[in-house]
Amino acid sequence: MNHSPKSFSIMSVVCQTIGHKYTETRKITNHIHEYKCKHCGREVTENSAGNIELLTNKVKQINNNVAEFFERKNRKIPA
């Protein structure tokens, strides 16, 4: 089986065996966050249903738009 050097690493095997160790990298809203695995670098996010999904370029753009909307909304509401 041919693997590209970027897609195969010892840490990715560790993550496949014992699971990922995600840390929060960005807060989009109060309920949506982005995470990155400390071991293999895999990036994921929560979708609108609260499920974890892979953080693709399309999903990053959606998160950016949601974050901008959320920030504008919060600026209009007095604290």
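The values are calculated or read from the model by the stated rules, or taken from the named source; none is laboratory data. Owing to the predicted nature of the structure, the values given are computational and were not obtained by experimental measurement. Using ideal geometry, Cβ is built from the backbone for each residue, glycine included, and neighbour counts are taken over all protein chains shown.
Remarks
- Per-region count, region 38-79, residues touching a helix residue (DSSP H, G or I) at 6+ places or on another chain (Cβ under 8 Å), among the β-branched types (V, I, T) and either surrounded by fewer than 13 Cβ atoms within 10 Å (Cβ to Cβ) or in contact (Cβ under 8 Å) with a residue 60 or more places away in the chain (or both): 0
- Restricting region 16-32 to residues that are among the basic types (K, R) and under 30 Å from N74 (Cβ atoms), the residue that is surrounded by the most Cβ atoms within 10 Å (Cβ to Cβ): R26
- Only one entry of N63, N47, N74 meets the criterion of being touching a strand residue (DSSP E or B) at 6+ places or on another chain (Cβ under 7 Å) and at pLDDT below 90, and that entry is N47.
- The residues of region 57-79 that are closer than 16 Å to H33 by Cβ and either in contact with an Asp or Glu (Cβ under 9 Å, 6 or more places away or on another chain) or in a loop (DSSP other than H, G, I, E, B) (or both), listed by number, are V59, K60, N63.
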